[in-house]
Amino acid sequence: MKLSILAALAAAATAVDAHYIFNILFVNGNRQGGEYTYVRRNTNSYNPAFPDIVDKTDLRCNVGAKPGGNVGTFEVNAGDRIALKLFNNEFIEHPGPGFVYMSKAPDSVSTYDGSGDWFKVWESGLCRGNAAQDGNWCTYNKDRMEFTIPPKTPPGEYLVRFEHIGLHEGHVQRAQFYIECLQLRIKGNGGGNPSPLVKIPGIYKQADPGIRYNKWTGNPAPYQMPGPKVWNGN
């Protein structure tokens with residue numbers, strides 16, 4: 001009995017250790033500020049949200065991450081490389097896909113609630129093999145997610161939404177959502193027309209095969225990316 005209790009406690013501790021937050025900005029490989037300097041602070045700490053979030057406005061930037069506060073807006077150029085690094089020198093220790101979405105604010109992003117249009121600019125799934133092996137996911141054991149702002153992105157102020165979905169409990173309808181929103185002011189010549197445009201919530205359903213996914217079979221089904229297509233940059 002004592003051994004089984006200890007095993008359960010050890011498993012719980014491991015699960016907690018694997019939780020993470022994307023909250024430190026890097027631009028072209030250089031750190032900018034500290035934790036939450038340019039990222040809206042969520043209220044559920046490093047804990048994930050679960051599939052019921054897909055129908056809530058919290059899906060935009062995570063639980064409790066609202067406009068206002070002391071969050072700065074960092075100025076960058078279209079074409080810059082943007083990364084959010086995990087806090088506390090952690091690594092992504094759950095298998096699953098990563099995404100970045102952007103939404104242009106009508107004026108100042110610091111007061112924008114994300115109710116406008118969004119478009120996907122980056123996604124990362126499997127690098128090799130099938131979904132059964134955690135190391136086959138491109139984001140697995142990385143300390144950040146990084147994308148390049150499409151060079152033709154219209155200039156303005158944006159919410160930039162980073163998301164990783166942990167699928168290790170997707171088979172029991174407990175996929176884990178790790179979401180943070182970054183505030184950027186993007187300079188450039190523009191010229192692009194981001195598409196497809198979507199609303200958040202509205203990008204996922206709890207029953208989507210890329211969310212209610214079972215990686216624990218010996219030969220799991222081919223993984224289907226949830227959400228819209230990535231903008232082609234034109």
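The values are calculated or read from the model by the stated rules, or taken from the named source; none is laboratory data. All values reported here derive from a predicted model rather than from experimental measurement. For neighbour counting, all protein chains shown are included, and Cβ atoms are generated from backbone atoms with ideal geometry for every residue, glycine included. Side chains are part of the model used for accessible areas, which takes the heavy atoms of the whole protein and leaves out ligands, DNA and RNA. Shrake-Rupley method; radii C 1.70, N 1.55, O 1.52, S 1.80 Å.
By the gyration tensor of its Cα atoms, with a ≥ b ≥ c the square roots of the eigenvalues, what is the shape of the stretch 120-234: rounded for a/c under 1.5, prolate for a/b over b/c, or oblate? Prolate, because a/c is 1.5 or more and a/b exceeds b/c. Among LEU84, THR73, TYR112, whose Cα lies farthest out toward the positive end of the dipole of the stretch 54-146, if unit charges sit on the beta carbon of Lys, Arg (+1) and Asp, Glu (-1)? Comparing the listed Cα positions along the dipole, LEU84 ranks first.
Check cross-link reach from LYS66 to the lysines: straight Cα distance under 30 Å, and skip same-chain residues fewer than eight apart. Output for LYS66: LYS56, LYS85, LYS104, LYS120, LYS142, LYS152, LYS187, LYS199, LYS205, LYS229.
Relative to the longest principal axis of the Cα atoms of the chain, the long axis of helix 2-17 lies at roughly 10 degrees. In order along the stretch 189-202, phi translates into HN-Hα couplings of 7, x, x, x, 10, x, 6, x, 8, 9, 10, 10, x, x Hz, rounded to whole numbers, per the Karplus curve 6.51 cos²θ - 1.76 cosθ + 1.60 with θ = phi - 60° and x for Gly and Pro. For the chain, the Cα gyration tensor yields ellipsoid semi-axes of 30, 20, 16 Å (square root of five times each eigenvalue, largest first, whole Å). With the convex hull constructed from alpha-carbon coordinates only, the stretch 117-177 shows a mean projected area of 5.8 nm² over all directions. The calculated FRET efficiency for GLN224 paired with ASN70, based on their beta-carbon distance and R0 = 35 Å, is about 0.35.
The mean sequence separation of alpha-carbon pairs under 8 Å and at least six residues apart, normalised by the residue count of the chain, gives a relative contact order of 24 percent. Counting only Cβ charges, +1 for Lys and Arg and -1 for Asp and Glu, the dipole size of the chain around its Cα centre is about 240 debye. Surface composition of the stretch 174-223: carbon and sulfur atoms hold 50% of the protein heavy-atom accessible area at a 1.4 Å probe. Per residue, the solvent-accessible area of the stretch 123-234 (1.4 Å probe, heavy atoms of protein chains only, all protein chains present) comes to 46 Å².
Considering only alpha-carbon pairs that sit under 8 angstrom and 6 or more positions apart, the relative contact order computed for the stretch 16-138 is 26 percent. The gain in end-to-end length when the SER110 to ASN77 segment is fully stretched comes to 10.0 nm, 0.36 nm per residue minus the alpha carbon separation.
For the chain, the mean residue ellipticity at 222 nm estimated from helices alone is -2500 deg cm²/dmol, where every DSSP H run of n ≥ 4 contributes -39500 (n - 2.57) and the total is divided by all residues, rounded to the nearest 500. Whole-Hz Karplus values for the stretch 114-126 come out as x, 7, x, 7, 10, 9, 8, 10, 7, 8, 9, x, 8 Hz, taken residue by residue from phi with 6.51 cos²θ - 1.76 cosθ + 1.60 and θ = phi - 60°; glycine and proline positions read x. Of the peptides 205-211, 94-100, 181-187, the ranking by mean beta-carbon count within 10 Å, highest at the top, reads 94-100, 181-187, 205-211.
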